[in-house]
Structure formats: C-alpha cells, structure tokens
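The values are calculated or read from the model by the stated rules, or taken from the named source; none is laboratory data. The shown structure was predicted, so the numbers you read here are calculated from the model rather than taken from an experiment. We place every Cβ from the backbone using ideal geometry, glycine too, and count neighbours over all the protein chains shown.
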Amino acid sequence: MTLPWGNEDTQTLIDILSKYNVKTTFFVVADWVDKYPESVKALKDAGHEVMSHSAHHDHYNSLSAEQIAADLKESCDKTEAVTGVRPTLIRCPYGEYDNHVIQAVRDCGMEPIQWDVETLHWLAVNSACGPL
C-alpha cells in the first residue's frame with residue numbers, strides 16, 4: 001500500500017489489518033515520513049513493513065542514476081531514522097521505471113517492485129482537484 005497523502009485514516013487501517021491478522025508492506029514518501037513520523041512508527045510497531053516510495057515523488061524515468069541514488073538515500077535515511085529498519089524495496093513513483101531506473105535502484109542495494117493490481121485510487125484524488 002502506498003501512503004503519499006494525509007494520515008487521518010492510518011490508525012483505522014492499522015486496526016482493520018490487526019482485526020484480520022494481516023501484515024502488509026507500506027510504501028511511503030519521505031515527505032510523508034517527515035510530516036507524520038508517529039504514523040510511520042505506528043505502522044512499524046504494528047508489525048508492518050515500511051518501504052520507500054521515493055523522497056519527493058519525482059518521475060524517476062527523467063532522473064539520472066545519481067539523482068535516483070540521492071533520492072533513495074534521503075528516503076531510506078528518513079524511514080530508517082523513524083523505524084530503525086532500512087528499506088530494501090521501492091515502488092517507483094507513478095509506476096514508472098525503465099532499465100536505467102532498475103539499474104540505479106539495484107546499484108543502491110534495493111529492489112524495485114511494481115503492483116499487480118491497479119486500484120485507480122489516484123483517480124479520486126485527481127478528480128477532487130478538477131478534470132484530468
């Protein structure tokens with residue numbers, strides 16, 4: 001699950017997952033970690049994995065390998081500072097990746113992952129902001 005927006009539903013989500021004894025991996029943006037460190041810690045304390053969704057949700061396909069590495073370092077440093085665990089996975093922003101992104105991520109000792117079900121959750125956010 002990716003959590004790039006607010007944190008108002010985080011505890012409810014943790015409670016629902018706990019009720020059904022489900023553990024999951026959350027992919028968080030470092031900006032979200034900065035804004036809601038208590039929520040990130042709550043996810044970890046509830047037994048969930050907290051992994052990277054980048055530092056600032058940039059388009060990785062348009063970044064150099066050095067920029068990707070810097071973004072990942074920032075993201076992982078911030079998440080590790082809150083959870084005590086360094087992320088090993090990243091779900092690239094916008095689902096964008098190509099061979100240069102995969103290589104840059106792997107050069108940082110991480111593995112890029114992709115979803116296998118598109119929830120279209122972003123449509124509701126974009127629709128609230130006006131027409132696409």
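Among residues of segment 81-96 that are without any contact (Cβ under 8 Å) to a residue 12 or more places away in the chain and among the basic types (Lys, Arg), those with a beta-carbon under 8 Å from a residue that is surrounded by 21 or more Cβ atoms within 10 Å (Cβ to Cβ) and part of a helix (DSSP H, G or I) at least six positions away or on a different chain give the pairs ARG86/CYS76; ARG86/THR79. The set of residues in segment 10-62 that are basic (Lys, Arg) and within 21 Å of GLU111 (Cα to Cα) comprises LYS23, LYS44.
Looking at segment 46-132, the strands (runs of 3 or more DSSP E) lying wholly inside it that each contain 1 or more residues that are touching an Asp or Glu at 6+ places or on another chain (Cβ under 8 Å), surrounded by 10 or more Cβ atoms within 10 Å (Cβ to Cβ) and modelled with pLDDT of 95 or more sit at 89-91. The residues of segment 9-45 that are farther than 14 Å from LYS78 by Cβ, hydroxyl-bearing (Ser, Thr, Tyr) and assigned to a loop (DSSP other than H, G, I, E, B), listed by number, are TYR20, THR24.
Rundown of residues vs (1) touching a Gly at 6+ places or on another chain (Cβ under 6 Å); (2) among the acidic types (Asp, Glu); (3) under 14 Å from CYS92 (Cβ atoms); (4) without any contact (Cβ under 8 Å) to a residue 40 or more places away in the chain, yes/no style:
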{"position": "LEU17", "(1), (2), (3), (4)": "no, no, no, yes"}
{"position": "PHE26", "(1), (2), (3), (4)": "no, no, no, yes"}
{"position": "PRO37", "(1), (2), (3), (4)": "no, no, no, no"}
{"position": "ALA46", "(1), (2), (3), (4)": "no, no, no, yes"}
{"position": "HIS53", "(1), (2), (3), (4)": "no, no, yes, no"}
{"position": "ILE68", "(1), (2), (3), (4)": "no, no, yes, no"}
{"position": "GLU74", "(1), (2), (3), (4)": "no, yes, no, no"}
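Across segment 40-90, the number of residues qualifying as within 23 Å of TYR20 (Cβ to Cβ) and among the basic types (Lys, Arg) comes to 2. Considering only residues in segment 1-37 that are surrounded by 13 or more Cβ atoms within 10 Å (Cβ to Cβ), over 15 Å from the mean Cα position of the chain (by Cα) and modelled with pLDDT of 95 or more, the one that is farthest from SER54 (Cα to Cα) turns out to be SER18.
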